[in-house]
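This report concerns only the one structure given below.
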Amino acid sequence: MTVTTEAVLPVMSVDDLDVLRGSALAFAEESNLPGGLDPDQWVSSWTRLIDAGQGFMLSTECGAAVAGILHPDMNNGDLVCQEAFWFVPKGSRHGIGLDLFAAWEAEASRLGAVRLIMVHLAQLDAARLGKLYQRRGYRPLETSYIKAL
């Protein structure tokens, strides 16, 4: 296991979002995010979610970050937290990502989530991420497909 000396920073406020614009753009580029990413829209969307208490984000000094969206399960009303993105810049992939993941799980639990949903983009090492999630107690739920119109 890689040991990192970098700490996960406290939960970000909307005032902190601008510092992650570059990371958001790097994530969109590396993942070939459908539709691309508009940094102003990204900041605006996360500002609304955080202000409404429906989203939270954790980061590190190197620009690694993970975010979750809190919402009631449409089937039973239980509070769930779905990961919206989890990104570590290429030059900083030395273990901080797993620290972020653990901190994300803890923060979602602290906020009252009773279930966590992790996702991954199909082109970003899907098999390895699936194995990681399963080792951490997650089970496969569904597969999504997208079509541009």
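Just so it is clear, none of the values below were taken in a lab; they were calculated from the coordinates. Everything numeric here is computed off the predicted structure, so don't read it as measured data. Cβ: placed from backbone, ideal geometry, glycine included. Neighbour counts: every protein chain shown.
Overview of values
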read-out	value
Condition check for SER31: among the polar types (S, T, N, Q), touching a helix residue (DSSP H, G or I) at 6+ places or on another chain (Cβ under 8 Å) and surrounded by fewer than 17 Cβ atoms within 10 Å (Cβ to Cβ)	no
Hits in the stretch 45-70 - residues which are more than 25 Å from ARG93 (Cβ to Cβ) and either surrounded by 13 or more Cβ atoms within 10 Å (Cβ to Cβ) or touching a strand residue (DSSP E or B) at 6+ places or on another chain (Cβ under 6 Å) (or both)	SER45, THR47, LEU49, ILE50, GLN54, LEU70
When residues of the stretch 128-149 are limited to those that are in a loop (DSSP other than H, G, I, E, B) and under 24 Å from GLY35 (Cα atoms), the one farthest from the chain's Cα centre (by Cα)	LEU149
Of all residues making up the stretch 36-68, the number that are free of Cβ contacts under 8 Å to residues at least 12 places away in the same chain, over 21 Å from ILE117 (Cα atoms) and either in a loop (DSSP other than H, G, I, E, B) or hydroxyl-bearing (Ser, Thr, Tyr) (or both)	3
Flag for SER109 being among the polar types (S, T, N, Q) and part of a loop (DSSP other than H, G, I, E, B)	no
The lone exception for GLU83 - which of (1) touching a residue at least 12 places away in the same chain (Cβ under 8 Å); (2) more than 16 Å from LEU58 (Cα to Cα) it fails	(2)
